[in-house]
Structure formats: structure tokens, C-alpha cells
Amino acid sequence: MKILVTGSNGQLGSEIKDLANKYNESDFFFRDLPNLDICDLDQLNKFIHTHMIDCVINCAAYTDVEKAELNTESAENINSNGVLNLLKVLKKVNGKLIQISTDYVFDGKQTHPYNELDPVNPIGVYGKTKREGELKVINSEVDAIVIRTSWLYSSYGENFVKTMLRLGLKKKELSVVSDQQGTPTYAKDLAKVCLDILCSENQKIISENGKLYHYSNDGVVSWFEFANEIMKLRGVKCKILPILSRDYPSITKRPHYSVLDKTKIKEDFNIRVAYWKDSLKECIIALSKN
Ligand SMILES: NC(=O)c1ccc[n+]([C@@H]2O[C@H](COP(=O)([O-])OP(=O)(O)OC[C@H]3O[C@@H](n4cnc5c(N)ncnc54)[C@H](OP(=O)(O)O)[C@@H]3O)[C@@H](O)[C@H]2O)c1
């Protein structure tokens, strides 16, 4: 199987790159901007045909939630039109797609974990454009699934864990939002899930039983609790102070609750979901080796 990973220099793409040698029955192609732009249909078409790609894991996205509020057109282009381009080409070659989406498609008003049938209602541009991308996949005839995930972090790229450690080493106190709850996800765990789904015999399940799946680590936590655990595991003395979302300056509205129910992905693909603190520990160890 020939697997193309788009947006491969980001958090998830980099983790897939690290794991790929364990899936040595497949050939991997890792591409990112400027060499492969998912918004460029001709470039995509040429690449997928030339390399006879069977599957794409689309890690390319406009992920800056704050900037998306101001750059709606770019966010829409990458998160929705780019996905449509992938589907157009994959349809021609009868290829498969794993598209990654987000907990930000929900408005956060629910108080129990969101499953795949719960109604979406994105409250920001990022979530709206990611939802548009999901709909492109759901309405296509391509053998594809969408995996929604939440609060992604990794030893690669920019993320909450690395920001907290960087600031925590400089400051004595940090204020962190305590009234938004969700579940962190180690991108390495999600990378393994994507590869297991594509490379196992399960791959024929890919278009049955609905195209949407939820995956995050296990547990429920606020950003405040998450920050405390990061400092504790790394032995950083910085004091974390709880604040309310309304006191945190931001142009972006974020869901107050976005815990994902993982029952479907666990049952359909026999996936084990790690507890968030265990995965965080693993990432902190990986970071300490860098
Ligand atoms: N980060 C989170 O907390 C989070 C939470 C839930 C879901 N997700 C979803 O998870 C997936 C992976 O996220 P991530 O955190 O790994 O993202 P990331 O680190 O921001 O990586 C995205 C990569 O895509 C590249 N890219 C942007 N536009 C592109 C284009 N037109 N063509 C090809 N590549 C392009 C980016 O390049 P540049 O850096 O040069 O733009 C970057 O290397 C995304 O679908 C995201 O929406 C993320």
C-alpha cells in the first residue's frame, strides 16, 4: 500500500513519520507545503497519479484557531476546499482517505461526552471550516473516514504542552482557563490509530457504519488541570492560577465542554485508548530527550 501523508511537518504528520518504519509493508510519502499544497488540485492530481497513491492521511490543516477568525478565506480554503481536492483525486484512483477533524465542531453546551450522532454547532471560524471539510468527506463516494480529535499535543510543533513549559520556566505564575473541559490527545497515539486502521485487515470497515469517528485520550480535564499536570511531571515550580474564559483575552469563542465519546472507534477498530496522564508522561519524557 502506498500512503501519502499531507501536512507532514505538523504535529500529527511528524508523529506518523516516526512510526512509519513499524508499518514496513507500506510505502510512505511525506509531503508538506511548499512541495505539496492540498489547495492545488493539479499538483495533487499529478502527485497521486505519479506515485500511484492508495491512501491519504490528511494532516494538512489551517489550525491556528485565533488567526482563523481574521483569515476566514485561508482557513476555508485549506480546511474545506483542500479536502475536496483530495476527494476528487482519490475518487479517480479509487483511493482511501483518513481526514482529521476537531472537537471544535461542537458548541460545548453538552455536559456528557459527545458521540458521532450528536448535533454539531461550531462557534468559531476554525470549527466551521473543519465542519465544511467533514461534510465534503461524508457526502463523497470515496472510501473515507473522518476522525475527530481534541487538544492535540506532541513533542513536535507548537502546542499547549510546549507553551506551558516554555512560559513555566520563565515565570513564577501563569493564569490558565479553568472553565473549559475536554481531553488532551498525544499526537503519537492518534498517529498509531490512523496507521492501525489503514494497515490492519480492518481497513475494509473504512466505509461501513458511518464515516465519523471520535478519538482522544481518555479522561476529562480543564486547561488549568492539564497545565498543573504538565508542570508536575516536568518538575517546574511555576504556580498555575485558575481564571475564567471571560477573563482571558481572545477573539475566539471556544466550547466549554468538548469531551469525545470513543465507544465507536474502540468497537469498530479494536482500539485501546490511553489515559491522558499516561500519554502526557510519555510526551514529557520524549521532550526531555530533545
Ligand atoms: N492542534 C490541535 O489541538 C488539534 C485539535 C483537534 C484537531 N486537530 C486537527 O488535527 C489535524 C492535525 O493537526 P496538527 O496539530 O498536526 O496540525 P499542524 O501541526 O498545524 O500541522 C498542519 C500542517 O499542515 C500544513 N499545511 C497547511 N496548509 C497546507 C496546505 N495547503 N497543503 C499542505 N499542507 C498544509 C502546515 O504547514 P504550515 O505550518 O506551513 O502552515 C503544517 O505543517 C488537523 O486536521 C487539525 O485540524 C488539531
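Jot down the radius of gyration and Dmax of segment 142-190, Cα atoms only, both in angstrom.
Spelled out, the Cα radius of gyration and Dmax of segment 142-190 are 14.4, 52 Å.
Which FRET efficiency value, to the nearest 0.05, is calculated for LYS171 and ASP278 with the Förster distance at 22 angstrom and r the Cβ-Cβ distance?
So, using R0 = 22 Å, E works out to roughly 0.20.
Determine, from the Cβ-Cβ distance of ALA286 and ILE243 and an R0 of 30 Å, the FRET efficiency 1/(1 + (r/R0)^6), rounded to the nearest 0.05.
0.55
Whenever you get a sec, compute what percent of the accessible area on segment 54-146 sits on carbon and sulfur atoms (1.4 Å probe). Before the final figure, lay out each step's value.
On the way: 1890 of 3950 Å².
Within segment 54-146, the accessible surface is 48 percent carbon and sulfur.
If the chain were replaced by its equivalent ellipsoid, with semi-axes equal to the square roots of 5 times the Cα gyration tensor eigenvalues, what would those be, largest first, whole Å?
Rounded to whole Å, the semi-axes are 31, 20, 19.
Would you work out the charge dipole size for the chain about its Cα centre, treating the Cβ of every Lys and Arg as +1 and the Cβ of every Asp and Glu as -1, and quote it to the nearest 20 debye?
Using Cβ point charges on Lys, Arg, Asp and Glu, the chain gives about 860 debye.
With Cβ to Cβ distances under 9 Å as the rule, what net charge do the other residues near LEU233 carry (K, R +1; D, E -1)?
Cβ neighbours under 9 Å give a net charge of +3.
Probe 1.4 Å, all protein chains in place: accessible area of PHE30 in Å², nearest 10?
Probe radius 1.4 Å; accessible area of PHE30 about 50 Å².
Assuming R0 = 35 Å, can you tell me the calculated FRET efficiency for the pair THR252 and LYS91, based on Cβ-Cβ distance, to the nearest 0.05?
On the way: r = 34 Å, r/R0 = 0.97.
Given R0 = 35 Å and the Cβ-Cβ separation, E is 0.55.
What does the net charge come to around ASN81 if you take all other residues with beta carbon closer than 12 Å to its beta carbon, with K and R at +1 and D and E at -1?
My count for the surroundings of ASN81 gives -3.
By average Cβ neighbour count within 10 Å, what is the ranking of 84-91, 55-62, 170-177 from highest down?
Top of the packing list down: 55-62, 84-91, 170-177.
Whose amide H sits under 5 Å from the amide H of SER101, counting only residues 5 or more places off or on another chain, with H placed in the peptide plane?
For SER101, the qualifying residues are ILE147, ARG148, THR149.
Let me see the pair-distance distribution of segment 32-127: every alpha carbon pair, 5 Å bin width, integer percents in order.
Using 5 Å bins, I get a P(r) of 2, 12, 21, 20, 16, 13, 9, 5, 2, 0 for segment 32-127.
What is segment 240-290 by shape, rounded, prolate or oblate, if you read a ≥ b ≥ c off the alpha carbon gyration tensor as root eigenvalues and call it rounded for a/c under 1.5, prolate for a/b larger than b/c, and oblate otherwise?
In terms of gyration-tensor shape, oblate.
Give the average over all directions of the projected area of the C-alpha convex hull of segment 193-290, one decimal, in nm².
Its Cα hull, projected and averaged over all orientations, spans 9.0 nm².
Please calculate how many Å² of accessible area segment 99-242 carries per residue, with a 1.4 Å probe and no DNA, RNA or ligand atoms counted.
42
The values are calculated or read from the model by the stated rules, or taken from the named source; none is laboratory data. Note that the structure is a prediction, hence the values are computed from the model and not measured. Reconstructed Cβ throughout: ideal geometry from the backbone, glycine too, with neighbour counts over all protein chains shown. Side chains are part of the model used for accessible areas, which takes the heavy atoms of the whole protein and leaves out ligands, DNA and RNA. Shrake-Rupley method; radii C 1.70, N 1.55, O 1.52, S 1.80 Å.
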